[in-house]
C-alpha cells in the first residue's frame, strides 16, 4: 500500500487588478459588485451581519475586514484568504463544498464552525480558534501554527498528519478522532490526556 500523499496547499491569492483593490466597502456596495467576484482585494471593510448567501468569491483576499456573523449559506469560497480579519460566529459549514479553499492568518474565528468541511492541507496561522467547531471535518495534513484552540470541538474529525506542535490549549480525545501521524510538542501532551484525568509533570 502506497503512503498517503500530503495534500497540496493552495497558493494564496496575491495578484489583483488595480481596479479590484477596494477599501472601506459597506455591505451594499460589495453586493452591488455582483454575485461572482474574482480576484478582488478587500481592505478594511465592515461586512458584519452581511448576507453573502449564494455569492461566489474566487481568488480573493480580505484584509483587516470584519465579517462577524455574516451569513454564508450557499456561498462559494474558492481559494479565498483572510488576513487580520474578525470572523466571529461564521458557519463555514454552510458554504458550497465544490472547490472550497480558504486561508487564515492572524484572524479572530471564535464561535465559528467548520463542521463537516474538507480542510485537508489547510494552514491556520496565529489565529484565535476558541470554541470553533471542527466536528466531522477533514483536517488531514492541516497545521495550527501558533493558534489558540481553547474549547475547540474535535469529534469524528480526521486529523491524520495534522500539525499541533505550536498550537495551545487544545483538548483532543484520541478515541473520538483519527490522530494517526498527528504531530505534537511535548508541552501539548496534556491536551490528549484530559479525559483520563492524568497529570503530566
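Each row is one residue, and each column tells you yes or no for (1) modelled with pLDDT of 95 or more; (2) surrounded by fewer than 19 Cβ atoms within 10 Å (Cβ to Cβ); (3) farther than 17 Å from residue 102 by Cα.
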{"position": "28", "(1), (2), (3)": "yes, yes, yes"}
{"position": "35", "(1), (2), (3)": "yes, yes, yes"}
{"position": "39", "(1), (2), (3)": "yes, yes, no"}
{"position": "45", "(1), (2), (3)": "yes, no, yes"}
{"position": "49", "(1), (2), (3)": "yes, yes, yes"}
{"position": "60", "(1), (2), (3)": "yes, no, no"}
{"position": "64", "(1), (2), (3)": "yes, yes, no"}
{"position": "72", "(1), (2), (3)": "yes, no, no"}
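Annotation: residue 111 fulfils all but one of (1) under 16 Å from residue 87 (Cβ atoms); (2) buried (at least 23 other Cβ atoms within 10 Å of the Cβ); the unmet one is (2). Go through (1) under 23 Å from residue 101 (Cβ atoms); (2) at pLDDT below 95 one by one and return the number of the condition residue 161 breaks. In the conditions (1) under 23 Å from residue 101 (Cβ atoms); (2) at pLDDT below 95, residue 161 misses (2) alone. Scanning region 126-141 for residues that are in contact with a strand residue (DSSP E or B) (Cβ under 7 Å, 6 or more places away or on another chain) and either within 22 Å of residue 186 (Cβ to Cβ) or touching a residue at least 60 places away in the same chain (Cβ under 8 Å) (or both) yields a count of 4.
Annotation note: Cβ proximity below 9 Å between a residue of region 186-197 that is part of a helix (DSSP H, G or I) and a residue that is loosely packed, with under 11 Cβ neighbours inside 10 Å and at pLDDT 70 or above (sequence gap 6+ or interchain) occurs for 195/175.
The values are calculated or read from the model by the stated rules, or taken from the named source; none is laboratory data. Keep in mind that what you see is a predicted model, and the values were worked out from it rather than measured. Here Cβ is always computed from backbone atoms with ideal geometry, including for glycine, and neighbour counts include all displayed protein chains.
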